[in-house]
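Novice: Provided herewith is a single structure, encoded as C-alpha cells, for subsequent inquiry.
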Amino acid sequence: MKTLYSPLDEKSVRSLKLGDIVSITGPVYTGRDEVHIRALEYLDEGKEVPQCLKEAVLYHCGPIMVEDKEGKWSVVAAGPTTSARMNTLEPRFIREFKIRAIIGKGGMSREVAEAMKEVGCVYLAATGGAAVSYAEGLSRVTGRDWADLGMPEALWHFETRSLGPLVVAIDSEGNSLYDKVREKVAENLSKQ
Amino acid sequence: MSPSDSMVVKLPEPTEKIIENLLRVANTKIPEDIGWALEAAAGWETNPTAQAQLGAILENVRKAEHMYKPMCQDTGIPIFYVRGKFDSSIAKDITQAVENCTKSVPMRPNTVDPIIRVNSGNNLGLGMPCIHYIPTDDDFTEISVMLKGAGSENMTKLKMLNPSDGMEGVKKFIIDSVIDAGGRPCPPGIVGVGIGGTADECVAMAKRALMEPLDMEDPDPEIQALEEELFVKINSSGLGPMGLGGDTTVLGVKVRKAYCHIASLPVAVNIGCWATRRAVARITDSDIVYSQGVRL
Ligand code: SF4
C-alpha cells in the first residue's frame, strides 16, 4: 500500500492510477451534505468559509465522536458515507476550493469526474462500514468548524496516520472504476 | 441461528436492560451467519480490489468486537420487532433503552425532523423508535432489533407491477434494483424481498426478511429456489464488494410472499448492507435466550 502525504499537490494527485491502493497521512477534513450546502451558500453571500478547505483532502464522513471532561474530542467510529448524495454540489465545491482528493464510498457522477479532471483531484474509495479501522487512522482531532450542524454534519479536522485502505476509483483524468465495473456488469447480465 | 451462537441468561433482568444489551450486541458483534458468509467470500474472491474490501471489512469486524465499539459509524435507525406476549409498557422500555444507548454505546444521533432537519440528539423524536408488534399466543416475549443505516435503506424500492409482468418481471425488478444501487448500500449484503401483499405490507416483508439468518432455509421450496436463483444471478454480475468489481455482490437473498389483490403484483426490495446488525432476546418466565437472527 502506497502512502500519500497530505496536503497533496496537483502533480502527485495526477500521478495516481485507477485501482491503486493507497493510504493517507496528514490533514483530512470531513464534510457531508450540510458542509457542502453551507460552504457554497456562504460563498454566494460573501461570508467567510473555513480556510482549511483550500486544496484539502475531503472525507465524506459523519463520525461518532466523544468529548471527555476536559472538552477534548476523540473519534469512536468513522467510515465513509455515500458520496452520490453530494453529486449536485460537488463539482462547484471542487472548483471553488481546489479539492485534491475526496474519500467516500459508492462513487460520484460524471459531472464530478469532469471537475476532478479539470482541477486535479482524485476520488478515493474507502471500504464502507469499516468505521473502527478508519477511526484508528484518524489519529488526532485538530479542530472543528460549524459545530451547530451537529456531530455527524460538522466540519471536523483530523491529523491522520495511514488512513486506509483507499482505492483510486476516479483518477484525475476523469476515468472511473465504477464506470468500468458497470460496463462489465451490463455485459455479464446480458449473457444470462 | 445455531444453538452454539445463542446465550442463555437467568432472570430476573429488567426489560430496559435487556434491550440495552441487544443494542450493544447488535452494534459491536456481527451476526455469526454474516461473519461466516464474509469469511467464505474472502476465501473465493480472486479480484485484488475485492480482496482488499473484504479484508478491510473482516479486520474492522474483529476490531469492533474486540474493542467493544460500533462496527459502523452509521448506527442506523434501530428497527424493533416485538413478538409473543407483551403489553404497552414495552414501548417505554424501548424508548429509554435507545436514549441510554445513544450515550453509552455510543450510537450516533441519527434522527432529525424531516422538514427543518434539526437533530433531536438522542435518536428519538416523533414516530421514533420504530417498533413493529406481532402479538401471538406464545408463552414468551421476543424482542428483536435491526440497525438499519441510511446507505442501504435509501436504496429501498417498491413497484406495483402488472400481474401480466409475471415472475420474469419480478426477478428483473429485483436484479435491476441491486445493480442500480451499486456500491451505495455497502455490498456485499443481503437482499430482502417482498412479493405480494399490499404496498405497505410488501415493503414491511422485504425488511422483515433481513432478520432471518442466512443459513436458514425457507420452508417453501419454491421460495428457496427463487432465492438461490437470484443469488447466483446477482453475484454473476461482477458488481462486487463496494461496487468496485468482484464475485461477491450479495451474501444472500431472502424472499417473503403474501397473497395480493387479483389486479396487483407488488414487489419490494430492501437491501441490508454487510453490516446487517441484528440481535434477538426471547424472554420466558425462567430465562432469556439471546441470539442474532430470527425468522419473523
Ligand atoms: S450502508 Fe451499512 S455498512 Fe455502509 S455505511 Fe451505511 S450502515 Fe455502515
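The values are calculated or read from the model by the stated rules, or taken from the named source; none is laboratory data. Worth saying up front: this structure is predicted, and the values here are computed from it rather than measured. Please note: Cβ atoms are built from the backbone with ideal geometry, for glycine as well, and neighbour counts cover all protein chains shown. These area figures cover heavy atoms from the full protein model, side chains too; ligands, DNA and RNA do not enter into them. Shrake-Rupley method; radii C 1.70, N 1.55, O 1.52, S 1.80 Å.
Novice: Where the accessible area of segment B:151-272 is counted over protein heavy atoms with a 1.4 Å probe, how much of it, in %, is carbon and sulfur? If you can, show how the numbers build up before the last one.
Specialist: Details: 2560 of 4530 Å².
C and S fraction of accessible area: 56 percent.
Novice: So, R0 is 60 Å and r is the distance between the beta-carbons of B:Thr136 and A:Glu45; what FRET efficiency does that work out to, to 0.05?
Specialist: On the way: r = 58 Å, r/R0 = 0.97.
E(calc), rounded to 0.05, equals 0.55.
Novice: Looking at segment A:103-163, what % of the alpha carbon pairs are farther apart than 13 Å?
Specialist: On the way: 1325 of 1830 pairs.
Of all Cα-Cα distances in segment A:103-163, 72 percent exceed 13 Å.
Novice: Let me ask something else. So, for the protein assembly as shown, what is the accessible surface per residue at a probe of 1.4 Å, expressed in square angstrom? Kindly include the intermediate steps, with their values, before the conclusion.
Specialist: Working: 19970 Å² over 488 residues.
Per-residue accessible area for the protein assembly as shown comes out at 41 Å².
Novice: List for segment A:171-186: residues with 50 Å² or greater reduction in accessible area, all protein chains versus chain alone, probe 1.4 Å?
Specialist: Listed by number, the residues meeting the 50 Å² cut-off are A:Val181, A:Arg182, A:Val185.
Novice: Still on this structure, please answer the following. Quick one: with all protein chains in place, what share of the accessible area of segment A:53-191 is carbon or sulfur, to the nearest percent (1.4 Å probe)? Walk me through the intermediate numbers first.
Specialist: Numbers: 2370 of 5030 Å².
Result for segment A:53-191: 47 percent of the exposed heavy-atom area is carbon or sulfur.
Novice: Setting aside same-chain residues fewer than 8 positions from A:Lys2, which lysines have a Cα under 20 Å from its Cα?
Specialist: Cross-link targets: A:Lys11, A:Lys17, A:Lys105.
Novice: Moving on to the next point. So which residues in segment B:239-254 end up with at least 20 square angstrom less accessible surface once the other protein chains are there, compared with the chain by itself, probe 1.4 angstrom?
Specialist: Hits at the 20 Å² cut-off: B:Leu239, B:Met242, B:Gly243, B:Leu244.
Novice: Provide the solvent-accessible area of B:Trp36, counting protein heavy atoms only and rolling a 1.4 Å probe, rounded to the nearest 10 Å².
Specialist: B:Trp36 has an accessible surface of roughly 140 Å² with all protein chains in place.
Novice: Also, quick follow-up: So which cysteines in chain B don't have a second cysteine's C-beta under 4.7 Å from them?
Specialist: When partners are defined as cysteine Cβ atoms under 4.7 Å apart, chain B leaves B:Cys72, B:Cys101, B:Cys130, B:Cys202, B:Cys260 without one.
Novice: Related question: Find the percent of Cα-Cα distances in segment A:69-109 that exceed 13 Å, and round it to a whole number.
Specialist: Values: 522 of 820 pairs.
In whole percent, the long-distance tail amounts to 64.
Novice: Right, something else. For chain B, what number results from the quotient of the Cα radius of gyration and 2.2 N^0.38 Å?
Specialist: Values: Rg = 18.8 Å, N = 296, 2.2 N^0.38 = 19.1 Å.
After normalising by residue count via 2.2 N^0.38 Å, the value is 0.98.
Novice: Okay, next question. State, in square angstrom and to the nearest 100, the accessible area buried between chains B and A, both chains counted, probe radius 1.4 Å. Walk me through the numbers on the way to the answer.
Specialist: Working: alone 13580 and 9390 Å², together 19970 Å².
Adding both sides of the contact gives about 3000 Å².
Novice: Suppose we look only past 23 Å in the calculated P(r) of segment B:151-272. What percent of the Cα-Cα pairs does that tail hold?
Specialist: Tail fraction, whole percent: 23.
Novice: Along the charge dipole of segment B:76-219, Cβ charges K/R +1 and D/E -1, which of B:Tyr133, B:Gly169, B:Asn100 sits furthest on the positive end?
Specialist: So the residue we want is B:Asn100.
Novice: Between B:Ser104 and A:Lys191, what FRET efficiency follows from the Cβ-Cβ distance if R0 is 56 Å, with the result rounded to 0.05? Can you show the working numbers first?
Specialist: Numbers: r = 51 Å, r/R0 = 0.91.
So, using R0 = 56 Å, E works out to roughly 0.65.
Novice: Sticking with this one: Starting from the residue with the highest accessible area, list B:Arg184, B:Arg256 in decreasing order, probe 1.4 Å. Mind showing how you got there, number by number?
Specialist: Values: B:Arg184 75, B:Arg256 20 Å².
If we order B:Arg184, B:Arg256 from most to least accessible, we get B:Arg184, B:Arg256.
Novice: Given 25 °C and 0.890 mPa s, how large is the Stokes-Einstein diffusion coefficient of the protein assembly as shown in µm²/s, with Rh as the Kirkwood radius over Cα pairs?
Specialist: Details: Rh = 23.1 Å.
This corresponds to a translational diffusion coefficient of 106 µm²/s.
Novice: Still on this structure, I have one more. Under a 1.4 angstrom probe, counting protein chains only, how are B:His132, A:His60, B:His261, A:His157 ranked by accessible area, largest first?
Specialist: Working: B:His132 70, A:His60 0, B:His261 120, A:His157 30 Å².
Output order, biggest surface exposure first: B:His261, B:His132, A:His157, A:His60.
Novice: Kindly report, to the nearest 10 Å², the accessible surface of A:Asp20 as traced by a 1.4 Å probe over protein heavy atoms only.
Specialist: 50 Å²
Novice: Right, something else. So, R0 is 35 Å and r is the distance between the beta-carbons of A:Asp9 and A:Asp179; what FRET efficiency does that work out to, to 0.05?
Specialist: Numbers: r = 27 Å, r/R0 = 0.76.
So the FRET efficiency works out to roughly 0.85.
Novice: At a 1.4 Å probe, which residues in segment B:97-118 are at least 50 Å² less accessible with all protein chains present than in their chain isolated?
Specialist: SASA drop of 50 Å² or more in segment B:97-118: B:Pro106, B:Arg108.
Novice: Same structure, new question: What percent of all Cα-Cα pairs in segment B:208-261 falls into each 10 Å bin, going from 0 up to the bin containing the maximum distance?
Specialist: 23, 45, 27, 5, 0
Novice: Right, here's the next one. Output the relative contact order of chain A, whole-number percent, from Cα pairs under 8 angstrom with separation of 6+ residues. Can you show the working numbers first?
Specialist: Numbers: 434 pairs, mean separation 54.5, N = 192.
Contact order relative to length: 28 percent.
Novice: What ranking of B:Met167, B:Met7, A:Met151 comes out by heavy-atom accessible area, probe 1.4 Å, highest first?
Specialist: Values: B:Met167 85, B:Met7 110, A:Met151 50 Å².
The ranking, largest first, comes out as B:Met7, B:Met167, A:Met151.
Novice: Accessible area of B:Phe86, 1.4 Å probe, to the nearest 10 Å²?
Specialist: 70 Å²
Novice: Extending each Cα 7 Å along its Cβ direction at A:Lys98 and B:Ala199, get the distance between those two points in nm, one decimal.
Specialist: 5.1 nm
Novice: Starting from the Cα coordinates of segment A:2-190, work out the convex hull volume and express it per residue in Å³. Could you put the intermediate results ahead of the total?
Specialist: Details: hull volume 21.0 nm³, N = 189.
Looking at segment A:2-190, the number lands at 111 Å³ per residue.
Novice: Looking at segment B:7-156, I'd like the Rg to Rh ratio, where Rg is from alpha-carbon atoms and Rh is Kirkwood's inverse mean 1/r.
Specialist: Working: Rg = 17.3 Å, Rh = 17.1 Å.
With Rh from the inverse mean 1/r over Cα pairs, Rg/Rh is 1.01.
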